[in-house]
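Since the structure comes first, as structure tokens, the remarks are kept for the end.
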Amino acid sequence: MRALRRPVGVTGVVLLALVLFAAAFGPVLWGERATAVDTANLLAGPSAEHWIGTDNLGRDLFARVLVAARLSILLALAATAIAMVLGLLLGAAPMLLGRRLGRLVTASVNVLVAFPGLLLVLFFAVVFGVGARGAALAVGLAGAPAFARLCHTLIAGVSERDYVAAARIAGVGRARMLRRHVLPNIAEPVIVYATMTAGAALLTFAGLSFLGLGVQAPDYDWGKLMQDGLNGIYVHPLAALGPGIAVVLAGLAFNLTGEAFAAGPRRTHVLPPAGPPSPATAPARNSVLSADDLRVTIPGPNGPIHAVRGVSFSVGDGEAVGVVGESGSGKSVTALAVAGLLEPPVRVQAGHLAVAGEDLLAPGAHRRLGTSLAVVFQDPMTSFNPAHRVGPQLAEVSRFHQGLGRRAAFARAVDRLRAVRIGDPERRARQYPFEFSGGMRQRAMIGMGLMGEPRLIVADEPTTALDVTVQRQVLELLADVRRDTGAALLLISHDVSVVTDVCDRVLVMYAGRVVEELPAKDLRALARHPYTRALVAAVPDMETDLDRPLAVIPGLPVDPVDVPAGCAFAPRCPLADDHCRTVAPPLRDGVACHKAGEAP
Amino acid sequence: MKTATAGLKAGPRVGPRVGRWPRFALRRAARLLASLWVLVTASFLMIHLVPGDPVRAALGPTAPADLVLAHKEELGLLDPLWQQYATFLGHLLQGDLGVSIASRLPVGEVIAQQLPATAELALLAFLLAVAVAVPVGVVMAVLTRRGRGRRAELAFTGANVVVSAIPDFLLGVGLVYLLAVQTHVFPVAGRAGPDSYVLPVLALAIGPAAVLSRIVRVEMLAVMEADYVRTARAKRLTPVRVHVVHALPNAVTATLTIGGLALSSLVAGTVLVENVFAWPGLGSSIVSSIVAKDYPLVQGTVLVYGVGVLLINTVVDVALALLDPRSAIGEA
């Protein structure tokens with residue numbers, strides 16, 4: 001009943017109730033009025049007595065529209081029922097008849113689905129002849145293939161599930177399995193689709209009767225009334241438009257109801273107004289990246305997610321800084337914020353956030369970053385545009401930011417691909433990304449960053465999606481690039497060993513905060529924060545005793561929606577006491593811990 | 001994935017496998033032929049599925065018995081079924097669709113006369129629908145991405161649901177009332193000058209345009225969240241360039257699939273709209289021939305409509321394979 005809380009659902013259900021009321025009681029309430037011949041008022045226009053006028057026998061058209069609801073709705077429902085039953089049977093055929101016959105049925109359904117419904121309706125109308133019964137059969141049969149396709153897909157999905165497999169192994173018969181285990185699980189989408197089919201059938205019937213192929217006089221449905229009214233559209237258009245409006249309203253009633261139930265709940269996540277801004281500060285000197293009190297808030301289904309909660313750090317010219325932490329620690333969001341790639345409704349606040357001399361908090365600073373900031377993303381398989389060739393994707397940077405022509409930019413792209421050690425770069429540049437392997441794509445992505453003269457490379461888990469040998473190549477390439485260009489590096493990784501190999505300095509993040517900051521060489525031996533130590537201990541090395549279970553960090557990461565008041569790591573920390581649980585430790589001398597350096 | 005790309009890199013494939021394009025062409029051609037066979041057989045069986053005596057029904061209860069017999073003879077209905085089927089297929093291969101019962105004209109001739117009017121209408125409406133739907137869908141996607149522009153979204157989806165609930169022939173009636181009867185801007189019916197095309201094309205195009213623009217928007221919304229769009233933004237391109245050059249081409253695949261469906265249902269939709277506007281096309285003639293039980297003519301018209309739809313589906317599939325080479329590989 002969630003659907004009823006949305007305006008669309010309410011509108012649909014109210015309309016549907018009205019339409020069904022007219023169908024049930026229309027002929028009883030207005031039947032007399034609809035057949036009363038008034039020879040003094042033939043083909044009259046709208047008046048107080050006849051709201052949308054009268055027909056050629058002086059009968060009240062408004063009453064006739066209301067009375068016609070019953071036949072129109074009944075025919076639509078009958079056709080829907082035919083389509084649904086046939087569709088279910090055909091859709092369940094692979095399950096009922098076994099694989100080979102089932103495949104034949106599925107193939108025929110696929111052929112039939114290709115034909116538009118109206119064409120099938122016309123075909124069946126020829127077979128069954130002109131008239132209401134023939135039309136109902138025609139619309140029903142014509143609707144069956146689409147229904148069968150839906151049921152087939154749904155049933156195929158359900159029969160993969162464990163409980164159906166279990167029933168099959170237990171020797172439950174096919175028909176019983178369908179009734180007991182499959183149908184109840186596909187009922188909801190089938191009913192939703194049936195509701196929409198009923199709406200469509202209603203419109204198709206109107207069309208058929210309008211063409212003269214459906215309901216025949218003296219019976220009448222909305223389509224027939226429209227057909228009668230169309231001849232007089234010059235004199236009084238409401239005679240044709242009135243039943244038309246009824247058709248549209250009834251169609252809407254079915255569609256809106258179906259859609260409201262199909263869509264399910266869709267809440268909008270809006271952030272509460274921003275708190276007071278952090279006091280503006282000046283960027284650190286000689287730094288290519290400087291952030292102060294960086295906060296990132298993301299709207300979520302259960303309230304705002306504070307992904308980054310006041311992070312301050314800087315990266316010096318040519319320095320390599322690593323950020324480590326578990327998933328959900330806010331390290332990737334920090335990288336995206338630093339790269340200026342977060343968009344509203346995500347909120348980014350900071351005392352300052354400066355990259356390569358540009359103030360990222362000011363509007364319009366981004367364009368100049370096109371050449372001075374390079375970004376390498378986690379998944380090379382999805383980070384290239386599949387619709388364009390690789391070379392032009394690289395060349396675009398030079399064409400757009402450096403004013404190079406098509407040829408010159410392409411030549412530079414080929415040159416950069418060679419620089420990142422891609423063999424046969426002229427040919428490769430003309431290929432699509434899907435023709436590249438994962439490692440090659442990541443190298444090409446680095447090459448894309450080298451189209452400009454980057455002062456900073458932000459690499460967000462650049463090796464996570466690659467296998468180990470390729471990881472090594474990509475890391476070596478990053479090191480070479482830094483040596484050649486003198487660019488600084490901000491490397492995000494959950495892999496402690498990668499960061500210690502590549503970086504000068506390491507930031508350890510936990511629950512959206514930096515908990516420790518130390519030289520990379522000290523990470524293994526001199527870490528003082530219990531979380532850093534646990535992180536390091538969780539990495540096996542050559543001296544790890546293989547007979548003992550591998551070390552893990554007990555407990556789960558903090559829910560970013562509901563961060564505890566004290567130290568966020570306290571619930572998982574062996575050293576935590578009440579002070580830790582109530583007072584958040586500030587980052588002092590490179591570590592944010594009340595028990596820094598204490599032995600467990 | 002790794003082995004697949006390695007195979008591509010190596011150039012010529014190892015083993016007896018055929019290249020992906022011939023495989024795709026073969027599969028697609030087989031599907032087209034199977035569908036054609038179903039269509040032809042169905043239209044042949046149509047006349048035999050009619051309950052009772054179709055010729056008697058066509059000529060009316062007062063027609064003399066020998067006339068009915070003569071007609072049956074002419075239609076070949078007295079031969080055994082397999083022979084009728086063989087004759088039907090043979091004539092079809094020569095382009096002979098039989099002779100209309102009512103007008104005594106060759107069916108092929110009648111259809112050839114009316115087909116251009118219908119094809120024009122469907123094609124113009126399709127082009128108009130695409131020309132409207134793509135920009136509208138893209139703009140709405142950009143305006144309403146990530147929960148922005150809630151009012152714009154509500155207005156768009158609301159209008160969309162209402163418009164797509166109005167069947168094309170009703171739109172036609174409404175348009176006639178507003179723009180022909182009330183204001184005399186456009187002719188009420190018939191096919192004469194360019195202005196006579198406006199209302200029928202509009203009536204046909206509005207519904208598909210609404211559906212298509214909804215699909216374009218949904219696809220664009222999905223594509224705009226893709227990693228490669230983030231890559232494009234990391235290149236600091238202008239938003240227009242990001243959306244049009246990097247996002248839109250990736251939204252085209254699904255749009256084209258639905259567009260093909262829209263086009264084939266447009267072909268069928270012409271039947272109703274042609275009747276509203278007294279358009280001298282196939283749609284007007286199929287209805288009158290169904291009512292008159294002129295079976296050869298109905299048979300021919302259904303065949304032509306069906307072949308049109310099948311050709312559209314095939315063209316769409318080929319276009320998809322060309323635009324998105326992965327789809328052809330996936331099938332092969």
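The values are calculated or read from the model by the stated rules, or taken from the named source; none is laboratory data. Fair warning: this is a prediction, and the values are worked out from it, not measured in the lab. Note: ideal-geometry Cβ built from the backbone for every residue, glycine included; neighbour counts use all protein chains shown. These area figures cover heavy atoms from the full protein model, side chains too; ligands, DNA and RNA do not enter into them. Shrake-Rupley method; radii C 1.70, N 1.55, O 1.52, S 1.80 Å.
Taking the conditions (1) surrounded by fewer than 21 Cβ atoms within 10 Å (Cβ to Cβ); (2) part of a helix (DSSP H, G or I) in turn, residue B:225 satisfies each one other than (2).
Condition check ((1) touching a residue at least 12 places away in the same chain (Cβ under 8 Å); (2) touching a Ser or Thr at 6+ places or on another chain (Cβ under 7 Å); (3) buried (at least 24 other Cβ atoms within 10 Å of the Cβ); (4) more than 16 Å from residue A:458 (Cα to Cα)) across all residues:
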{"site": "A:315", "(1), (2), (3), (4)": "yes, yes, yes, no"}
{"site": "A:318", "(1), (2), (3), (4)": "yes, no, no, no"}
{"site": "A:334", "(1), (2), (3), (4)": "yes, no, yes, no"}
{"site": "A:337", "(1), (2), (3), (4)": "yes, no, yes, no"}
{"site": "A:342", "(1), (2), (3), (4)": "yes, no, no, no"}
{"site": "A:345", "(1), (2), (3), (4)": "yes, no, no, yes"}
{"site": "A:350", "(1), (2), (3), (4)": "yes, yes, yes, yes"}
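Considering only the stretch A:383-394, state which residues are modelled with pLDDT of 85 or more and within 7 Å of another protein chain (Cβ to nearest Cβ). Passing the criteria: A:383, A:384, A:385.
Within the stretch A:218-262, restricting attention to residues that are aromatic (Phe, Trp, Tyr) and open to solvent by 60 Å² or more (accessible area, probe 1.4 Å), the residue that is farthest from the other protein chains (Cβ to nearest Cβ) is A:261.
Which members of the stretch B:138-159 meet the condition of being part of a helix (DSSP H, G or I) and open to solvent by less than 40 Å² (accessible area, probe 1.4 Å)? Give the steps one after another, and end with the answer.
Initial filter on the stretch B:138-159 (part of a helix (DSSP H, G or I)): B:138-147, B:150-159.
Within the stretch B:138-159, B:138, B:140, B:141, B:142, B:144, B:145, B:152, B:153, B:156, B:158 qualify.
Suppose the filter is assigned to a loop (DSSP other than H, G, I, E, B), more than 10 Å from chain B (Cβ to nearest Cβ), in contact with a Leu (Cβ under 8 Å, 6 or more places away or on another chain) and open to solvent by 10 Å² or more (accessible area, probe 1.4 Å); does residue A:421 pass it? Criteria met by residue A:421. Quick check: anything in the stretch B:254-274 open to solvent by less than 10 Å² (accessible area, probe 1.4 Å), facing chain A (nearest Cβ under 9 Å) and modelled with pLDDT of 85 or more? Checked the stretch B:254-274: at least one residue is open to solvent by less than 10 Å² (accessible area, probe 1.4 Å), facing chain A (nearest Cβ under 9 Å) and modelled with pLDDT of 85 or more.
Among the residues making up the stretch B:162-180, those that are assigned to a helix (DSSP H, G or I), under 16 Å from residue B:268 (Cα atoms) and within 7 Å of another protein chain (Cβ to nearest Cβ) are B:169, B:170. Inclusion of residue A:361 among residues that are part of a loop (DSSP other than H, G, I, E, B), open to solvent by 10 Å² or more (accessible area, probe 1.4 Å), in contact with a strand residue (DSSP E or B) (Cβ under 9 Å, 6 or more places away or on another chain) and not small (Gly, Ala, Ser) is warranted.
Could you list, in sequence order, the residues of the stretch A:108-124 that are more than 7 Å from chain B (Cβ to nearest Cβ), without any contact (Cβ under 8 Å) to a residue 40 or more places away in the chain and buried (at least 23 other Cβ atoms within 10 Å of the Cβ)? Of everything in the stretch A:108-124, just one residue is more than 7 Å from chain B (Cβ to nearest Cβ), without any contact (Cβ under 8 Å) to a residue 40 or more places away in the chain and buried (at least 23 other Cβ atoms within 10 Å of the Cβ), namely A:120.
Which ones in the stretch A:20-67 are more than 19 Å from residue A:219 (Cβ to Cβ), part of a helix (DSSP H, G or I) and not small (Gly, Ala, Ser)? Scanning the stretch A:20-67 gives A:20, A:21, A:39, A:41. Among residues of the stretch B:53-87 being among the small types (Gly, Ala, Ser) and under 34 Å from the mean Cα position of the chain (by Cα), the one that is nearest to residue B:101 (Cα to Cα) is B:58. Which residues, taken from the stretch A:58-95, are free of Cβ contacts under 8 Å to residues at least 40 places away in the same chain and outside the structural domain of residue A:232 (by TED's automatic domain parsing)? Matches in the stretch A:58-95: A:58, A:59, A:60, A:63. Restricting attention to the stretch B:32-88 and to residues that are without any contact (Cβ under 8 Å) to a residue 40 or more places away in the chain and among the aromatic types (Phe, Trp, Tyr), the residue that is surrounded by the fewest Cβ atoms within 10 Å (Cβ to Cβ) turns out to be B:82.
Check whether at least one residue in the stretch A:395-402 is acidic (Asp, Glu) and facing chain B (nearest Cβ under 10 Å), and report yes or no. Within the stretch A:395-402, one or more residues are acidic (Asp, Glu) and facing chain B (nearest Cβ under 10 Å). For the criterion of being out of contact with any helix residue (DSSP H, G or I) (no Cβ under 9 Å at 6 or more places or on another chain), open to solvent by 20 Å² or more (accessible area, probe 1.4 Å), assigned to a helix (DSSP H, G or I) and closer than 30 Å to residue B:58 by Cβ, residue B:119 fails.
Can you pull out every residue in the stretch B:275-286 that is within 21 Å of residue A:203 (Cα to Cα), open to solvent by less than 10 Å² (accessible area, probe 1.4 Å) and not small (Gly, Ala, Ser)? Give the derivation first.
First, the residues of the stretch B:275-286 that are within 21 Å of residue A:203 (Cα to Cα): B:275-278, B:283-284, B:286.
In the following step, the residues that additionally are open to solvent by less than 10 Å² (accessible area, probe 1.4 Å) were identified as B:277, B:283, B:286.
Across the stretch B:275-286, the qualifying residues are B:277, B:286.
Where in the stretch B:53-101 are there helices (runs of 4 or more DSSP H), lying fully within it, with 3 or more residues that are under 19 Å from residue B:301 (Cβ atoms)?
Values: elements: B:54-59, B:65-75, B:81-93.
Output list reads B:54-59, B:81-93.
Tally time: how many residues in the stretch B:256-305 are touching a residue at least 40 places away in the same chain (Cβ under 8 Å), assigned to a helix (DSSP H, G or I) and of a type in the set (Phe, Trp, Tyr)? Number of matching residues: 1. Considering the stretch A:430-450, the residues that are within 18 Å of residue B:230 (Cβ to Cβ) and among the aliphatic types (A, V, I, L, M) include one that is nearest to the chain's Cα centre (by Cα), namely A:445. Taken together, the residues in the stretch A:291-319 that are assigned to a loop (DSSP other than H, G, I, E, B) and touching a strand residue (DSSP E or B) at 6+ places or on another chain (Cβ under 8 Å) amount to 5. Close Cβ contacts (under 6 Å, 6 or more residues apart or on different chains) running from residues in the stretch A:200-217 that are more than 10 Å from chain B (Cβ to nearest Cβ) to residues that are of a type in the set (D, E, K, R) comprise A:209/A:221; A:209/A:224; A:215/A:221; A:215/A:224. Every listed requirement among (1) at pLDDT below 85; (2) of a type in the set (A, V, I, L, M); (3) under 21 Å from residue A:251 (Cβ atoms) is met by residue A:40 save one, (3).
For the stretch A:220-234, the condition holds for no residue, the condition being that it is under 21 Å from residue A:11 (Cβ atoms), at pLDDT 80 or above and among the polar types (S, T, N, Q).
Please enumerate the residues belonging to the stretch A:320-332 that are outside any strand (DSSP E or B) and surrounded by fewer than 24 Cβ atoms within 10 Å (Cβ to Cβ). Steps first, answer last, please.
At the first step, the residues of the stretch A:320-332 found to be outside any strand (DSSP E or B) are A:325-332.
Those that are outside any strand (DSSP E or B) and surrounded by fewer than 24 Cβ atoms within 10 Å (Cβ to Cβ): A:326, A:327, A:328, A:332.
Pull up the stretch A:403-418, narrow it to residues that are of a type in the set (A, V, I, L, M) and closer than 24 Å to residue A:482 by Cβ, then point me to the one that is nearest to the other protein chains (Cβ to nearest Cβ).
A:413
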